[in-house]
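Notes to accompany the following structure.
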């Protein structure tokens with residue numbers, strides 16, 4: 001296939017583009033900054049907002065996987081939240097425009113979204129996980145910070161921008177993705193591992209909030225599955241079927257690194273730490289408990305369904321990459 005990946009230079013994009021190139025597909029990455037990527041991957045400039053020469057890459061392509069959007073690993077200031085919103089909505093809108101103008105539009109458009117679109121799991125009251133059929137979209141939970149509601153609004157408008165595109169010949173899938181865990185430096189797994197190895201990865205604010213996640217290999221496999229299944233469209237939760245409380249999640253990660261003890265953190269301590277690291281507490285405190293109902297119903301089989309085994313595999317890969325023995 002020829003696959004175009006807007007925003008394909010980030011951590012998740014790197015995992016996907018390398019896998020597609022190794023699979024023998026023609027891969028084109030659209031990004032704002034020029035740079036040489038892996039063999040078999042072409043880089044094309046775009047601004048993520050306006051049509052340009054890059055749009056010709058979509059004409060005749062087999063698939064588009066749009067990953068573009070400002071990173072959420074930052075302080076949730078008004079300016080950063082606006083950039084998160086604009087970068088996601090505008091890039092999705094302009095991808096839709098390019099597909100609509102193509103003489104030979106791609107058969108399928110996979111659009112990145114987020115599991116954050118669902119309400120904080122603790123607000124449901126029934127202690128059940130969210131899936132596509134029974135999940136409750138967020139934005140109206142009581143007693144949550146206003147910027148958590150804004151994160152849900154970003155997710156909803158992100159998906160709506162794809163739904164509004166006039167692309168009748170192209171199948172559309174929204175990827176409601178949990179945290180993608182890879183052994184690469186700079187990603188969420190690297191950050192959590194750093195905390196675990198320093199003895200800082202204990203329960204945060206009690207540790208009862210759920211963590212949803214997916215191994216990078218299963219993310220790639222889910223994308224390939226959805227690219228190939230012409231009968232599947234609409235929103236799909238892309239997460240392992242094993243969400244678990246943050247305290248248990250970090251306990252398993254510490255065990256994989258050979259660490260047992262870790263300091264707990266109060267909500268105030270988490271806020272102070274997030275400020276120092278220039279990130280935000282929503283990533284630590286919001287309870288994300290989602291399960292991939294539609295993927296499982298469609299017959300997708302996870303290679304890494306359980307966190308304990310997945311954490312051990314990721315730690316092994318990280319050690320091999322970095323030459324870390326302990």
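Read-outs throughout are calculated quantities, based only on the coordinates presented, and are distinct from any laboratory measurement. Everything numeric here is computed off the predicted structure, so don't read it as measured data. Every residue, glycine as well, gets a Cβ built from its backbone with ideal geometry; the counts of neighbours run over all protein chains shown.
What does the convex hull of the Cα atoms of the chain come to per residue, in Å³, rounded to a whole number?
Output value, Cα hull per residue: 130 Å³.
Between 0 and 90 degrees, rounded to the nearest ten: what's the tilt of helix 216-228 against the longest Cα principal axis of the chain?
So the helix axis and the longest Cα principal axis differ by about 30 degrees.
Nearest 500 deg cm²/dmol is fine: what mean residue ellipticity at 222 nm does the chain get from its DSSP H runs of n ≥ 4 alone, each adding -39,500 (n - 2.57), divided by its residue count?
-12000 deg cm²/dmol
Rounded to the nearest 10 degrees, what's the angle between the helix 78-101 long axis and the longest principal axis of the chain, both from Cα atoms, 0 to 90?
Helix 78-101 sits roughly 30 degrees off the main axis of the chain.
Using Cα atoms only, what is the angle between the long axis of helix 146-164 and the major principal axis of the chain, expressed in degrees (0 to 90) to the nearest 10?
Tilt relative to the chain: about 20 degrees.
Can you tell me what share of the DSSP beta bridges in the range 2-322 is antiparallel? A percent to the nearest 5 is fine.
Around 10 percent antiparallel, to the nearest 5.
Considering every pair of different Cα atoms, what Kirkwood radius, in Å, is found for the range 18-58?
Final number for the Kirkwood radius of the range 18-58 is 11.0 Å.
Exposure proxy check: 1, 112 ranked by fewest other beta carbons within 10 Å?
Starting with the residue having the fewest Cβ neighbours, the order is 1, 112.
How many angstrom lie between the Cα centre of the range 205-230 and the Cα centre of the range 288-326?
Distance between centres, Cα-based: 9 Å.
At 7 Å along the Cα-to-beta-carbon direction for both residue 296 and residue 36, put a label point, then send me their distance in nm to one decimal.
4.6 nm
How large is log10 I(q)/I(0) at q = 0.12, 0.19 Å⁻¹ when the Debye formula is applied to the Cα atoms of the range 35-96, each weighted equally and without solvent?
The calculated log intensity ratios at q = 0.12, 0.19 Å⁻¹ are -0.38, -0.83.
Quick check: residue separation of residue 188 and residue 107 times 0.36 nm, minus the Cα distance between them. What number comes out in nm?
Gain in length upon complete extension: 26.0 nm.
Give me the one-decimal nm value for the distance between modelled label points at residue 267 and residue 230, 7 Å along each residue's Cα-to-Cβ direction.
Calculated label separation equals 5.2 nm.
What percent do you get for the relative contact order of the chain when only Cα pairs under 8 Å and 6+ apart count?
Worked out over the chain, it gives 17 percent.
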